[in-house]
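One structure is given here, and the rest of the page talks about it.
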Amino acid sequence: MKHRGRGFTLMEVTLVVALISTIAYLSYGSLRELRRGFAIDTVTREFTTVCSLARSAAIRSGNTTAVEFSRRHMVAFHDLDASGQFEEDSDRRLSAPPSMPLFLKIFAKEGENIIRFNSQGYSVNEAGDPVEVNVAVYDDSPQYKSSKRHQVDVLVSGAVRVVPLVD
């Protein structure tokens, strides 16, 4: 009786598992960087959407609207009490705040972390003078930092421009 070998030997299976494990281990860092880069892209898109929403609401309502942002939140609102900052009891929120990953940082390169739009849709400062606002979005993690960074420019006209920053 002749015995025909079918299947794989233990050595072949062990070799394939070792190769797959090695490839997975080597690609883990790249995948983490890629995932963090996607998160930066997503938050940048959400930020530009919130700015566009606030600008359209200002034009539609004829009132000043603002987008306040920091490390952990961004909120678009009608500044009904003219305080210049979002206050839950006196201002009206335009949309639900998006969730922000812990490792991201959003901040204005100059001035305060708020963008105001007047009734004509122009970006203005607290005194009502036209102003351009430059906002940086990047990974602030001390351990697993992503090299991807964006600059979001809110022009005086109210237009929003995203510029990827390279080293």
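The values are calculated or read from the model by the stated rules, or taken from the named source; none is laboratory data. Treat the numbers as computed from the prediction; the structure is a model and nothing was measured. Every residue, glycine as well, gets a Cβ built from its backbone with ideal geometry; the counts of neighbours run over all protein chains shown.
For the reader, a short list of remarks on this structure follows.
- Some residue of the stretch 148-165 being among the polar types (S, T, N, Q), modelled with pLDDT under 90, in a loop (DSSP other than H, G, I, E, B) and out of contact with any helix residue (DSSP H, G or I) (no Cβ under 6 Å at 6 or more places or on another chain): no
- Subset of the stretch 12-65 (residues that are touching a residue at least 40 places away in the same chain (Cβ under 8 Å), under 21 Å from Leu102 (Cβ atoms) and among the basic types (Lys, Arg)): Arg32, Arg36
- Filter result for Asp153 (among the charged types (D, E, K, R) and either closer than 21 Å to Thr44 by Cβ or surrounded by 15 or more Cβ atoms within 10 Å (Cβ to Cβ) (or both)): yes
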